[in-house]
Amino acid sequence: MKLLNFVVIGKNVDILNTLKRLIENNTGWTAYVMDDENELKTYLNNHPVDVIILSSGLPEFTEIGIKAYALCVDDHIKVIQHFGGGSGLLKNEIYSLFPNYEF
């Protein structure tokens with residue numbers, strides 16, 4: 001089983017909480033949600049992160065900045081632009097990032 005630490009960033013708190021619940025329904029997966037992207041730098045400097053999920057409500061230039069910053073901090077951090085579509089799509093997006101791991 002792959003242990004994964006997620007950060008989920010977006011502007012809709014209800015969606016963020018739903019994504020957190022879906023992620024944490026998987027053993028060994030933890031999610032930290034934030035609706036203020038300015039919090040990300042501090043969080044990444046103090047916590048290990050495997051995946052950043054970009055949720056709804058973020059401007060495109062903010063998403064680009066998050067991707068660039070994450071790569072500067074740790075080039076192993078993966079970023080998913082999640083547009084919805086249900087829990088099955090989310091899992092497939094995550095699984096595709098780690099093709100050599102068994103979940």
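The values are calculated or read from the model by the stated rules, or taken from the named source; none is laboratory data. Worth saying up front: this structure is predicted, and the values here are computed from it rather than measured. Cβ: placed from backbone, ideal geometry, glycine included. Neighbour counts: every protein chain shown. Just the protein is used for accessible areas: all its heavy atoms, side chains included, with ligands, DNA and RNA removed. Shrake-Rupley method; radii C 1.70, N 1.55, O 1.52, S 1.80 Å.
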*Pairs, first without any contact (Cβ under 8 Å) to a residue 60 or more places away in the chain and closer than 11 Å to residue 49 by Cα in segment 64-84, second open to solvent by less than 100 Å² (accessible area, probe 1.4 Å) and of a type in the set (Gly, Ala, Ser), C-beta under 8 Å, six or more apart*: 77/70; 79/70
*List the number of the failed condition for residue 93; all other conditions in (1) under 25 Å from residue 25 (Cα atoms); (2) open to solvent by 60 Å² or more (accessible area, probe 1.4 Å); (3) among the charged types (D, E, K, R); (4) in contact with a strand residue (DSSP E or B) (Cβ under 6 Å, 6 or more places away or on another chain) hold.*
(2)
*Test residue 11 against the stated conditions and say whether it is of a type outside the set (Phe, Trp, Tyr), at pLDDT 95 or above and open to solvent by 40 Å² or more (accessible area, probe 1.4 Å).*
yes
*Any pair with Cβ under 8 angstrom, 6 or more apart, that starts in segment 12-29 at a residue that is on the phi > 0 side of the Ramachandran plot and ends at one that is basic (Lys, Arg)*: 28/2
*Give segment 20-42 a look and list any residue that's loosely packed, with under 14 Cβ neighbours inside 10 Å and either among the hydroxyl-bearing types (Ser, Thr, Tyr) or not in a helix (DSSP H, G or I) (or both), or say none.*
25, 27, 28, 36, 42
*List the number of the failed condition for residue 64; all other conditions in (1) among the β-branched types (Val, Ile, Thr); (2) open to solvent by less than 20 Å² (accessible area, probe 1.4 Å); (3) in a helix (DSSP H, G or I) hold.*
(2)
